[in-house]
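S.K.: Right, I'll just put the structure down here and ask away after.
The values are calculated or read from the model by the stated rules, or taken from the named source; none is laboratory data. Predicted, not measured: the structure shown is a model, and the values here were computed from it. Here the Cβ is made from the backbone with ideal geometry for all residues, glycine too, and neighbour counts use every protein chain on show. Calculation scope for accessible area: heavy atoms of the full protein, side chains included, ligands and nucleic acids excluded. Shrake-Rupley method; radii C 1.70, N 1.55, O 1.52, S 1.80 Å.
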Amino acid sequence: MAGWDRLRELVRLEIVQRMEEGCDIEGFDEKLAEADEDEERLMRVYEELIGLGVRDDYPFEEPSDLESIRRLRPDGPRRMDAGWSEPEWLDKFYGAWLGRCAGCVLGKPLEHADYLYGKDGRPGWANVELWFRGADAWPIRGYTPARSRAESEYGLALNDWSPMSVRETIRYAESDDDIRYTVLGLLLLEEKGLDWDSWDVGKLWHRHLTYSQVCTAETQAYMNFARETSHLNGGKTADWPVRGERVRMYLNPYREWIGAQIRADGLAYGAAGHPELAAELGWRDASFSHVKNGVYGEMFAAAMIAAAFAERDSGRIVEIGLSEIPATSRLAKAVREAVDIARRAKDERELASALWDAFGQYDAVHAINNAALVAASLVFAGDDFEKAIAMAVYGGWDTDCNGATVGSVMGAKLGASALPKAWIEPLGDTLYAEVHGFHPIAISACARRSYEVFRKLRPRLPE
């Protein structure tokens, strides 16, 4: 069984993952080369990698269990007062959904190797700029143009799977995993309230998502869950903690990538104003498929989104997100560094360049570099919605994911009534999510349902 990629590539990425986690991987590149495509030999290399311990001099402490995570987190507001009226609450929920959709749609056509990884020696952010300049649309003040002189001059391209997300064709928010997981978070809270764990996440995915709708860590966990559970006898077994560890770990070198970070929103909306609870829900969800910084990414995003319903200062929102993850983690260190970069940067180009210099060692869809870009975009933009989502997408790497997360935070913070019409009206208040009952659906209906979930859960939220 491989999954998202061939076995040899999974083992190659496992070498990178173990190195990043603080293990001594000397000699493993040679072992991989010797194994070639022989699956038995590749599995022996993989098992040896999994058995490695972390070096004694590794400077980070990065647990995956909630109790240890909380032991290592900084002080912060675990719940926040937000005395909004019902119309004000609804405006914020609608703003969060609209903001997420708008940021996702902006970045979706640019989800392409040219902008994820760069091309011809240029970083991804520089290629984003070239595309918009080549369409006479620089600086970014609207959705991504379908055509650009950068095609002929630099060989750049957009992806070919989002035809309804370019400036000329947008009529609704096109289906995307960044939005599907928001829908699934809403469904999970509607069905289960606060009484669920990672096993319920797996059952939800198998019920609503096809194999082709999941990527990287989610693909591996989706497959592993099928191996560890019975289709005929579908109840959770007593040994789920053991099986759950295999689900998130087995042949999953993507376990610190961005996949969990994009799943926070639907859960965080239900815990609006309660960053600690939002982070806990993020931990439950992320633990199905991720560990360590992959988990922290979702907790960080969830806490920021929940805080944005009560807090207006973006720098403070980022601080609250950091207050729910270990201060001893690589992700926390990167976010703090990114915030410092954002506060010093004179313009978008300087910020994007500095972020790539600081965090370019990570894969383009890793949790750490993308969380850093999200935080930097929020701090750099202040209260400017357009500037925030444009910076998140201009920064390259995982453009649609980062645009969506930043849009969600900004939308919850500002409310729908304060969002620029130029970004909202093209969406036609319509979402196509490729999830039953949400294809199509009014974005305002999703916002109303999130608010109703919040109201239902509110008596159970911590005081």
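S.K.: Considering only segment 138-148, how many residues are in contact (Cβ under 8 Å) with a residue 12 or more places away in the chain and more than 16 Å from N159 (Cα to Cα)?
M.R.: Summing the residues that are in contact (Cβ under 8 Å) with a residue 12 or more places away in the chain and more than 16 Å from N159 (Cα to Cα) in segment 138-148 gives 4.
S.K.: Mind telling me which of the residues V393, V379 ends up being closer than 21 Å to R180 by Cβ and either of a type in the set (A, V, I, L, M, F, W, C) or within 15 Å of the chain's Cα centre (by Cα) (or both)?
M.R.: On inspection, the qualifying residue turns out to be V393.
S.K.: Within segment 6-15, does at least one residue satisfy the condition of being outside any helix (DSSP H, G or I) and closer than 30 Å to K387 by Cα?
M.R.: Looking through segment 6-15, none of the residues is outside any helix (DSSP H, G or I) and closer than 30 Å to K387 by Cα.
S.K.: Just to confirm my filter: which helices (runs of 4 or more DSSP H) fall fully inside segment 245-310 and include at least 1 residues that are open to solvent by 10 Å² or more (accessible area, probe 1.4 Å)?
M.R.: 275-286, 292-308
S.K.: Any idea which residue in segment 171-186 is most open to solvent (accessible area, probe 1.4 Å), counting only those that are closer than 30 Å to L281 by Cα and in a loop (DSSP other than H, G, I, E, B)? Give the steps one after another, and end with the answer.
M.R.: Filtering segment 171-186 for residues closer than 30 Å to L281 by Cα gives 172-186.
Filter again for in a loop (DSSP other than H, G, I, E, B), leaving 172, 174-176.
On the way: Y172: 56, E174: 25, S175: 22, D176: 5 Å².
Among them, the one singled out is Y172.
S.K.: Shifting gears a bit: Across segment 98-149, what is the total count of residues that are basic (K, R) and within 28 Å of A433 (Cα to Cα)?
M.R.: Matching residues across segment 98-149 total 4.
S.K.: Has segment 60-74 got at least one residue that is in contact with a Leu (Cβ under 9 Å, 6 or more places away or on another chain), more than 23 Å from A367 (Cβ to Cβ) and of a type in the set (K, R)?
M.R.: no
S.K.: Taking interchain pairs and intrachain pairs at least six residues apart, which have beta carbon atoms under 8 angstrom, with the first residue in segment 241-261 and in contact (Cβ under 8 Å) with a residue 40 or more places away in the chain and more than 9 Å from A221 (Cα to Cα) and the second open to solvent by less than 10 Å² (accessible area, probe 1.4 Å) and in a strand (DSSP E or B)?
M.R.: E256/H366; W257/H366; I258/H366
S.K.: Looking only at residues in segment 129-170 that are more than 20 Å from A113 (Cβ to Cβ) and among the basic types (K, R), which one is surrounded by the most Cβ atoms within 10 Å (Cβ to Cβ)?
M.R.: R167
S.K.: Then there's this: Tell me, which helices (runs of 4 or more DSSP H) lie completely within segment 22-86 with 1 or more residues that are open to solvent by 40 Å² or more (accessible area, probe 1.4 Å), among the acidic types (D, E) and more than 30 Å from P462 (Cα to Cα)?
M.R.: Here the list reads 28-35, 39-50.
S.K.: Then there's this: If we scan segment 208-226, do we find a residue that is in contact (Cβ under 8 Å) with a residue 60 or more places away in the chain and more than 22 Å from G294 (Cα to Cα)?
M.R.: Among the residues of segment 208-226, at least one is in contact (Cβ under 8 Å) with a residue 60 or more places away in the chain and more than 22 Å from G294 (Cα to Cα), which makes the answer yes.
S.K.: Out of all the residues in segment 226-242, is one or more assigned to a helix (DSSP H, G or I), basic (K, R) and either open to solvent by 10 Å² or more (accessible area, probe 1.4 Å) or within 30 Å of F454 (Cβ to Cβ) (or both)?
M.R.: Yes - at least one qualifying residue is present in segment 226-242.
S.K.: If you check A226, A271, A217, which single one turns out to be closer than 14 Å to A286 by Cβ and of a type outside the set (S, T, N, Q)? It would help to see each step written out before you state the result.
M.R.: Numbers: A226 fails: closer than 14 Å to A286 by Cβ; A271 fails: closer than 14 Å to A286 by Cβ.
None of the other options fit; the residue is A217.
S.K.: Here's a follow-up. Would you please list the contacts, defined by Cβ atoms under 6 Å and residues six or more apart or on different chains, that run from a residue in segment 316-336 that is under 16 Å from E298 (Cβ atoms) and in contact (Cβ under 8 Å) with a residue 24 or more places away in the chain to a residue that is open to solvent by less than 10 Å² (accessible area, probe 1.4 Å) and of a type in the set (S, T, Y)?
M.R.: Partner pairs satisfying both residue conditions: I325/Y296; S329/Y296; L331/Y296.
S.K.: Residues of segment 419-448 being within 19 Å of A102 (Cα to Cα) and open to solvent by 60 Å² or more (accessible area, probe 1.4 Å), which ones?
M.R.: Correct list: K421, A422, E425, Y432, E434, H439, P440, R448.
S.K.: Could you give every pair whose Cβ atoms fall below 6 Å, whose first residue belongs to segment 187-198 and is more than 16 Å from G282 (Cβ to Cβ) and of a type outside the set (A, V, I, L, M), and whose second residue is open to solvent by 40 Å² or more (accessible area, probe 1.4 Å) and not in a helix (DSSP H, G or I), counting only separations of at least 6 or pairs across chains?
M.R.: none
S.K.: Take T216 and decide whether it is hydroxyl-bearing (S, T, Y), surrounded by fewer than 22 Cβ atoms within 10 Å (Cβ to Cβ) and more than 25 Å from I443 (Cα to Cα). Can you show your working first?
M.R.: On the way: hydroxyl-bearing (S, T, Y): yes; surrounded by fewer than 22 Cβ atoms within 10 Å (Cβ to Cβ): yes; more than 25 Å from I443 (Cα to Cα): yes.
Answer is yes for this residue.
S.K.: What's the total number of residues in segment 91-128 that are surrounded by 24 or more Cβ atoms within 10 Å (Cβ to Cβ), touching a residue at least 60 places away in the same chain (Cβ under 8 Å) and not charged (D, E, K, R)?
M.R.: Final tally of qualifying residues: 20.
S.K.: Shifting gears a bit: Within segment 339-353, restricting attention to residues that are touching a residue at least 60 places away in the same chain (Cβ under 8 Å) and open to solvent by 10 Å² or more (accessible area, probe 1.4 Å), which residue is farthest from D313 (Cα to Cα)?
M.R.: This residue is S353.
S.K.: Considering segment 197-217 alone, what residues qualify as being of a type in the set (A, V, I, L, M) and outside any helix (DSSP H, G or I)? Lay out the reasoning, then the answer.
M.R.: Here is the first cut: in segment 197-217, the residues of a type in the set (A, V, I, L, M) are 201, 204, 209, 214, 217.
L209, V214 - these are the residues of segment 197-217 that are of a type in the set (A, V, I, L, M) and outside any helix (DSSP H, G or I).
S.K.: Quick check: anything in segment 391-407 free of Cβ contacts under 8 Å to residues at least 60 places away in the same chain and surrounded by 24 or more Cβ atoms within 10 Å (Cβ to Cβ)?
M.R.: yes
S.K.: Free of Cβ contacts under 8 Å to residues at least 12 places away in the same chain and either of a type outside the set (D, E) or on the phi > 0 side of the Ramachandran plot (or both): does that describe A376?
M.R.: No: the conditions fail for A376.
S.K.: Residues that are assigned to a strand (DSSP E or B), modelled with pLDDT of 95 or more and surrounded by 21 or more Cβ atoms within 10 Å (Cβ to Cβ): does segment 355-377 have at least one?
M.R.: Among the residues of segment 355-377, at least one is assigned to a strand (DSSP E or B), modelled with pLDDT of 95 or more and surrounded by 21 or more Cβ atoms within 10 Å (Cβ to Cβ), which makes the answer yes.
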